[in-house]
Amino acid sequence: MTKLELEKAFNRLGQLLRERGVTGEIAVFGGAAIVLGFDFRSATQDVDAMITQGHGEVVKAQEVVATELQLPPNWLNEQGTSYLSKHKDFELFRTYPSECQFGLRVLTANGRYLLAMRLLSLRHFGHDVQDIVRLSRQLRITTDEDLLQLLRQYYPDEQLAPEKVAEIRSIAREIRAPHHP
């Protein structure tokens, strides 16, 4: 889903919720938050979110949106919530369909939180490493110690395996390598 497709889906979801007299709220993280908040990634497969208000109604309405816009049935899902930190760090992105007449509030994880989540869930396929490198550069976090400190800030109870630390050190070298924006 591109940023435009995400906006269209959120707009329709907000319309449906408003028509039902419900205010829904979702906290978006993962690839969708990166697509919405940064210019380096153009699309995501789905929307990882935590539904924080109007859960049942949001789930029902997202099914209608999936059918109407021909999206996968799980375009909005809560499968990635296991990667959320106790120190959730979300900010209001936008209300849909408009600021004055809304049915849906969308919050997105801030850049530092997104980076910590990507470091925790690090996989070497898909966009993970690329997202880490680009987020780090934009946030000016370039050393392995800074990355590890950020990870500990959001996930203080997480025990990092030596292999994970080595991977993060390797990614830090890639972050500092010359690049072409």
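Nothing in this text is a laboratory measurement; each read-out follows from the coordinates by a stated rule. As the structure is a prediction and not an experimental result, all values here were calculated from the model. Counting neighbours? That spans all protein chains shown, and the Cβs are built from the backbone with ideal geometry, glycine included.
Over the residues of the chain, compute the C-alpha Rg and express it relative to 2.2 N^0.38 Å.
On the way: Rg = 17.2 Å, N = 181, 2.2 N^0.38 = 15.9 Å.
Normalised Cα radius of gyration, the chain: 1.08.
Between LEU122 and SER170, the modelled label-to-label distance comes to 0.9 nm, taking each label 7 Å out from Cα in the direction of the beta carbon. Using a simple spin-label model with pseudo-atoms 7 Å out from Cα toward Cβ, VAL64 and GLU158 lie 3.8 nm apart.
Mean-square fluctuations from a GNM of the chain, with a 10 angstrom spring cutoff on Cα atoms, peak among GLU25, GLU167, GLU99 at GLU99. In the chain, the DSSP-assigned H stretches of four residues or longer account for a calculated mean residue ellipticity at 222 nm of -15500 deg cm²/dmol, using -39500 (n - 2.57) per stretch and the full residue count as denominator. Taking the range 1-27 and a reference point 7 angstrom along Cα→Cβ of SER98, the backbone N atoms nearer than 20 Å belong to 7-24. Using only Cα atoms and rounding to the nearest 10 degrees, what angle (0 to 90) does helix 128-139 make with the longest principal axis of the chain? That works out to roughly 80 degrees. Please report, to two decimal places, log10 I(q)/I(0) for the range 1-97 at q = 0.16, 0.23 Å⁻¹ as given by the Debye formula with identical point scatterers on the Cα atoms and no solvent. Taken in order of the listed q values, log10 I(q)/I(0) reads -0.63, -1.35. Placing unit charges on the Cβ atoms only, positive for Lys and Arg and negative for Asp and Glu, gives the range 112-176 a dipole magnitude near 280 debye about its Cα centre.
About the centre of its Cα atoms, the chain shows a dipole size close to 300 debye [charges on the beta carbon of Lys, Arg (+1) and Asp, Glu (-1) only; nearest 20 debye]. Largest first and in whole Å, the equivalent-ellipsoid semi-axes of the range 112-176 read 15, 13, 12, each the square root of five times a Cα gyration tensor eigenvalue.
In whole angstrom, how far apart do the alpha carbon centroids of the range 95-115 and the range 120-160 sit? Using only Cα atoms, the two centres lie 23 Å from each other.
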